[in-house]
Amino acid sequence: MIEVLAKLGRGPVFLAGEVLECVITFTNPLSASSTSASSEMLAWASAQIHCQFHTSENRVALPPSDGSKHDVQAENETVFVPNRGERGQCILSTPPKILFCDLRLDPGESKSYSYCETLPIDGPPSFRGQSVKYVYKLTIGCQRVNSPIKLLRVPFRVLVLHGLKDYQSPQDEAVAPSNPFLEEEEGLKKDSRLADLATELLMVATSRRSLHLYNISNTRGKVGTFCIFKTVYKIGEDVIGTFNFSEGDIPCLQFSVSLQTEESIQEEFQRRRGQPGSFSTHARHQEACLHTAQSSFSLPIPLSSTPGFTTNIVSLKWRLHFEFVTSGESAGTCLVRGNQSEAITWTGVEQIEVDTFSWDLPIKVLPTNPVLASYVSQFSSTNSITI
């Protein structure tokens, strides 16, 4: 029996273009209950990253796959196929890397191997929608002699930030300050520069503030104004907006604001022509605002949500969805007096004619630092299997 343990070095969330590093440890455990211990042998072990693509047959119509590309060897249990047994299509994969050949482990002995691979920068982000799913996994394949291959899968999340693909290293990098007492691999230097650049691009894009003022009105007149200071955010930030109803001609009785995503299938892949998009609500604020001059809301963008993106099959867009309930008549209150010794009480009208209308404001949501997103990831940095 051999235990295989895979541990991601930094966490289960990465930016496309970063280097994923995983330490895989093979151990021949020494059991206290066993009377005789023996050495264990593994013929080989290999690792590979792949992205699995799933679709809903009721929503997405994909072209038929090319049967001529069918690999007969893939059906053989002694051939390393990382996505064997998984649903959907493998749309992206890195070249497999052999960790070792002919490994012998004595009782209680263990050996560790480091696997490093750069995540494709032109791949889709991790996404679990109602119509489409993009799932990334690192698969480690191990085989005993004359035995089927055993697979250990380590799922992780990929964030995509547009603009990193066109990044060029500065020409004066050679004269940059460096520490001669520290040895740093070139791949790690490049990965660090990429993470720093992503942080800088995100900060520049989301720190710009300018007043956006909108008039809220319906067919009867002006209800109020809405103010927001920016429309570009990172996941994990709060969307903050304010209302001013003091200058409105029509009383607003109630409003609600929803933070939503719209998942739309590209026209050529829609199951039905004119197929509507799928909406998901991530946060919502509702408030009764009769006789309220000003109000505000704050909606958090979950760190676990997917930033907006577009592929050849699906697009994901973010928006604020507003719903207003307004009065069609005077929304005053009735003053009810009791005896002179009783206090004055206020009561609302029993019936009132109302109108409702909605409004959508598109916003842009970008990724964040992958280390921050790792704290709320549903994936574990460590996975294991016994063979």
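The values are calculated or read from the model by the stated rules, or taken from the named source; none is laboratory data. Note that this is a predicted model, so its numbers are computed, not measured. Note that each Cβ is placed from the backbone with ideal geometry, even for glycine, and that neighbours are counted across all protein chains shown. The area values use the complete protein model at the heavy-atom level, side chains included, leaving out ligands, DNA and RNA. Shrake-Rupley method; radii C 1.70, N 1.55, O 1.52, S 1.80 Å.
A few comments on the model shown:
- Test: residue in segment 315-329 that is within 20 Å of SER126 (Cβ to Cβ) and surrounded by fewer than 14 Cβ atoms within 10 Å (Cβ to Cβ): no
- Scoring ILE240 on the criteria (1) at pLDDT 95 or above; (2) in contact with a Lys or Arg (Cβ under 8 Å, 6 or more places away or on another chain) leaves a single failure, condition (2).
- The requirement of being in contact with a strand residue (DSSP E or B) (Cβ under 9 Å, 6 or more places away or on another chain), of a type in the set (D, E, K, R) and open to solvent by less than 80 Å² (accessible area, probe 1.4 Å) is not satisfied by GLU247.
- Counting only residues that are open to solvent by less than 70 Å² (accessible area, probe 1.4 Å) and not in a loop (DSSP other than H, G, I, E, B), segment 361-387 holds 11 of them.
- Residue match in segment 206-222 (condition: without any contact (Cβ under 8 Å) to a residue 40 or more places away in the chain and on the phi > 0 side of the Ramachandran plot): yes
- Any hit, segment 125-139, residues being outside the structural domain of SER280 (by the TED database), among the basic types (Lys, Arg), part of a strand (DSSP E or B) and closer than 22 Å to VAL23 by Cβ: yes
- For segment 255-300, the candidate set comprises residues that are open to solvent by less than 70 Å² (accessible area, probe 1.4 Å) and aromatic (Phe, Trp, Tyr); within that set, the residue that is nearest to LEU366 (Cα to Cα) is PHE297.
- Picking from residues in segment 100-115 that are open to solvent by less than 70 Å² (accessible area, probe 1.4 Å) and under 30 Å from the mean Cα position of the chain (by Cα), the one that is nearest to PHE26 (Cα to Cα) is TYR113.
- For segment 136-148, the tally of residues that are touching a Ser or Thr at 6+ places or on another chain (Cβ under 8 Å) and open to solvent by 10 Å² or more (accessible area, probe 1.4 Å) stands at 2.
- Complete set of residues in segment 3-46 that are modelled with pLDDT of 90 or more and among the β-branched types (Val, Ile, Thr): VAL4, VAL13, VAL19, VAL23, ILE24, THR25, THR27
- Flag for GLN168 being modelled with pLDDT of 90 or more, assigned to a loop (DSSP other than H, G, I, E, B) and open to solvent by 20 Å² or more (accessible area, probe 1.4 Å): no
- Within segment 231-322, strands (runs of 3 or more DSSP E) holding 1 or more residues that are under 30 Å from LEU201 (Cα atoms) and aromatic (Phe, Trp, Tyr): 232-234, 278-288, 294-300
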